[in-house]
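Enquirer: Got a structure here, written out as structure tokens. Questions coming.
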Amino acid sequence: MAKRLHARRLDGIDHNPWVEFTKLASECDAVNLGQGFPDFPPPDFAVEAFQHAVSGDFMLNQYTKAFGYPPLTKILASFFGKLLGQDIDPLKNVLVTVGAYGALFSAFQALVDEGDEVIIIEPFFDCYEPMTLMAGGCPVFVPLKPTPIRDGELDSSSNWQLDPTELASKFTPRTKALVLNTPNNPLGKVFSKAELELIARLCQQHDVLCITDEVYQWLVFDEHQHTSIASLPGMWERTLTIGSAGKTFSATGWKVGWVLGPERLMKHLNTVHQNSIYHCPTQAQAAVAESLEREQLHFGQPSSYFVQLPRAMQLNRDHMVRSVQAVGLRPVIPQGGYFFVTDISDFKSKMPDLPGAAGEPYDRRFVKWMIKNKGLVAIPVSIFYSAPQQKHFDHYIRFCFMKDESTLRAMDKKLQEWKDELGA
């Protein structure tokens, strides 16, 4: 009898929808509005910082400190210490990781044990569930629910809210952690201070940790404000705050992320890190350090990239929101992040029988149809939901607006062709 080859912790998490839709997009030569990456360059100062790292000190070709390049951990501690209202020690409260993914993986592996429950707010970035399962934990889901809007109005991500009673019911003696993502991917919801205070109160009441994914914190629109839950009273000691240089400086391929938190939690993440990744590329860390040092000097000023980028991307968001309505898509206006979702209910009622596998959610069949027939790529929103909820949210698709003007023009051309067909 043959031995079992793969570890049981991989059961049920082997399928990755990104692979399928990325492959289809490349085969059809479609305009890629699906994946969350900018197709424009990082700011000049960040590119120059990387060039300095590569061509300057030859020792940057070698290992640095396992838990982070010292100039980077120092600027992260200084920069975020002010934002979080904490005296952050760069040696005890900061870990540099291979992207925010690395930070999330270390957090789950370090703190979630067999049978621990982890509360995940839906819709959720799709790695949270498999990372919980790989650590032996049990995901417990609670949905953001859209509130009704008047006919003719556009929906907003701010209308999607937690039911306080339902959220409270998810906390049990086995609850170890809650995962928060603000601004949220895919919805673009920026959690209000009142919503964060509700979550904080429940975490403290039930002695639950909070893992907060804040990679889009600098991309907030329409005068909304991002608040870090770790800055609320009593939350620093039970919160891990995760960030991303890729999202911060529009350089997703650099794969530099970080996690900030109290020493009592961080020491366990360090143990996972030193026995898995051990070390992140030194030159990329050096480039991020120099870029953050520059931003700290310009913080809050018109010259700050953290001011310029959201202004530019709000224009992109507004452009795409107007454009997709021309063919009957109904956007949900995001408060922040890279993405917005659109309601495709009208298409679901008009052409319900699109080809696809038995039981395949409608949004996945619709996206495949749109890629093949309209030359536009989006991501089905049902992949951001737990299996029981997918059938209730299979009438939304996600677009990314972190795109260059040339991509937006190509999108407009495809949408105009689609609109002409509808009018024919």
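The values are calculated or read from the model by the stated rules, or taken from the named source; none is laboratory data. This structure is a prediction, so every number in the text was calculated from the model and none was measured. Cβ sites come from the backbone with ideal geometry, for glycine too, and all protein chains shown count toward neighbours. Keep in mind that these areas ignore ligands, DNA and RNA; they rest on the heavy atoms of the full protein, side chains included. Shrake-Rupley method; radii C 1.70, N 1.55, O 1.52, S 1.80 Å.
Enquirer: Quick check: the angle from helix 70-84's long axis to the longest principal axis of the chain, C-alpha only, nearest 10 degrees?
Expert: 70
Enquirer: Which whole-percent values make up P(r) of region 197-302 when all C-alpha to C-alpha distances are grouped in 5 Å steps starting at zero?
Expert: 2, 10, 17, 19, 20, 16, 10, 5, 1
Enquirer: Per residue, what accessible area does region 203-291 have, given a 1.4 Å probe and all protein chains present, in Å²?
Expert: Ligands and nucleic acids excluded, the result is 34 Å² per residue.
Enquirer: Let me ask something additional. Accessible area per residue, 1.4 Å probe, Å², for region 297-423: what's the number?
Expert: Value for region 297-423: 43 Å² per residue.
Enquirer: Additional query: State the antiparallel share, in %, of DSSP beta bridges confined to the chain, rounding to the nearest 5.
Expert: Bridges in the chain are about 50 percent antiparallel.
Enquirer: Obtain the radius of gyration and the Kirkwood radius of region 28-175 from its C-alpha atoms and give Rg over Rh.
Expert: Using Cα coordinates only, the ratio equals 1.05.
Enquirer: Could I ask something else about it? Quick one: if the Förster radius is 30 Å, what FRET efficiency do residue 207 and residue 387 give, using the C-beta to C-beta distance and rounding to 0.05?
Expert: 0.55
Enquirer: Considering only C-alpha atoms, what is the centroid distance from region 9-85 to region 360-388, in Å?
Expert: 26
Enquirer: In addition: So for the pair residue 4, residue 274, with labels modelled 7 Å out along Cα→Cβ, what separation do we get in nm?
Expert: Between residue 4 and residue 274, the label points sit 3.2 nm apart.
Enquirer: At a Förster distance of 25 Å, what's the computed FRET efficiency of residue 51 paired with residue 315, Cβ-Cβ distance as r, to 0.05?
Expert: Given R0 = 25 Å and the Cβ-Cβ separation, E is 0.30.
Enquirer: Cut-off 13 Å, label point 7 angstrom out along Cα-to-Cβ of residue 35: give me the residues of region 240-262 whose amide nitrogen falls inside.
Expert: 252-254
Enquirer: Using a Debye calculation, one point per C-alpha and no hydration shell, please list log10 I(q)/I(0) for region 1-45 at q = 0.17, 0.23, 0.32 Å⁻¹ in order.
Expert: Values returned for q = 0.17, 0.23, 0.32 Å⁻¹ are -0.71, -0.88, -1.16.
Enquirer: Give me the angle, in degrees from 0 to 90, between the Cα long axis of helix 305-325 and the longest principal axis of the Cα atoms of the chain, rounded to the nearest 10.
Expert: 20
Enquirer: While we're here: How far apart, in nanometres, would the label points at residue 225 and residue 421 be if each is projected 7 angstrom from Cα along the Cα-to-Cβ direction?
Expert: Taking the simple label geometry, residue 225 and residue 421 are separated by 4.7 nm.
Enquirer: Which angle from 0 to 90°, rounded to the nearest 10, does the C-alpha axis of helix 282-298 make with the longest principal axis of the chain?
Expert: For helix 282-298, the angle is close to 80 degrees.
Enquirer: OK, next. Of all the C-alpha pairs in region 327-379, what % are more than 15 Å from each other?
Expert: 52
Enquirer: Residue-wise, which Karplus ³J(HN,Hα) couplings in Hz belong to region 90-97, taking 6.51 cos²θ - 1.76 cosθ + 1.60, θ = phi - 60°, and x for glycine or proline?
Expert: x, 8, 10, 10, 10, 10, 8, 10
Enquirer: Across every pair of different alpha-carbon atoms, what Kirkwood hydrodynamic radius in Å does region 71-145 reach?
Expert: 14.1
Enquirer: Could you pull out every residue, at least 5 positions away or on a different chain, whose amide H is within less than 5 Å of the one on residue 161? Hs are placed 1.01 Å off N in the peptide plane, and Pro or chain starts have none.
Expert: Answer set, sorted by chain and number: 145, 147.
Enquirer: Now a separate question. In whole Hz, with x marking every Gly and Pro, tabulate ³J(HN,Hα) for region 339-346 from phi via Karplus 6.51 cos²θ - 1.76 cosθ + 1.60, θ = phi - 60°.
Expert: 10, 9, 9, 10, 7, 10, 4, 4
Enquirer: Then there's this: Can you show me the helix-derived [θ] at 222 nm for the chain, built from DSSP H runs with n ≥ 4 at -39,500 (n - 2.57) apiece and divided by the number of residues, rounded to the nearest 500.
Expert: Value at 222 nm, helices only, nearest 500: -12500 deg cm²/dmol.
Enquirer: Let me ask you something else. Would you mind checking which residues have amide H under 5 Å from residue 376's amide H? H placed 1.01 Å from N; only 5 or more apart, or other chain.
Expert: Long-range HN contacts for residue 376: 31, 371.
Enquirer: Okay, moving on. Rounded to whole Å and sorted largest first, list the principal axis extents of the Cα atoms in region 136-231.
Expert: Result for region 136-231: principal-axis Cα extents of 45, 29, 25 Å.
Enquirer: Let me ask something else. Between the DSSP loop rule and a limit of at most 16 other Cβ atoms within 10 Å, which trypsin sites (Lys or Arg not before Pro) in region 369-424 are left?
Expert: 391
Enquirer: In whole Hz, with x marking every Gly and Pro, tabulate ³J(HN,Hα) for region 205-220 from phi via Karplus 6.51 cos²θ - 1.76 cosθ + 1.60, θ = phi - 60°.
Expert: 4, 9, 6, 10, 7, 10, 9, 10, 9, 10, 5, 9, 4, 8, 10, 10
Enquirer: Further question: For region 330-383, give the percent of accessible area contributed by carbon and sulfur heavy atoms, probe 1.4 Å, rounded to a whole number.
Expert: Result for region 330-383: 51 percent of the exposed heavy-atom area is carbon or sulfur.
Enquirer: Something else: Name the residues whose placed amide hydrogens come within less than 5 Å of the amide hydrogen of residue 95, ignoring near sequence neighbours (fewer than 5 apart) on the same chain.
Expert: Counting only residues 5 or more places away or on other chains, the set is 259.
Enquirer: Right, another one. Among (i) 4, 14, 17, 16, 14, 12, 9, 6, 4, 3, 1, 1, 0, 0, 0; (ii) 4, 18, 21, 18, 14, 10, 7, 5, 2, 0; (iii) 4, 21, 31, 27, 14, 3, 0, find the value of P(r) over Cα pairs in 10 Å bins from 0, in percent that was calculated from the structure presented, and write down its label.
Expert: (iii)
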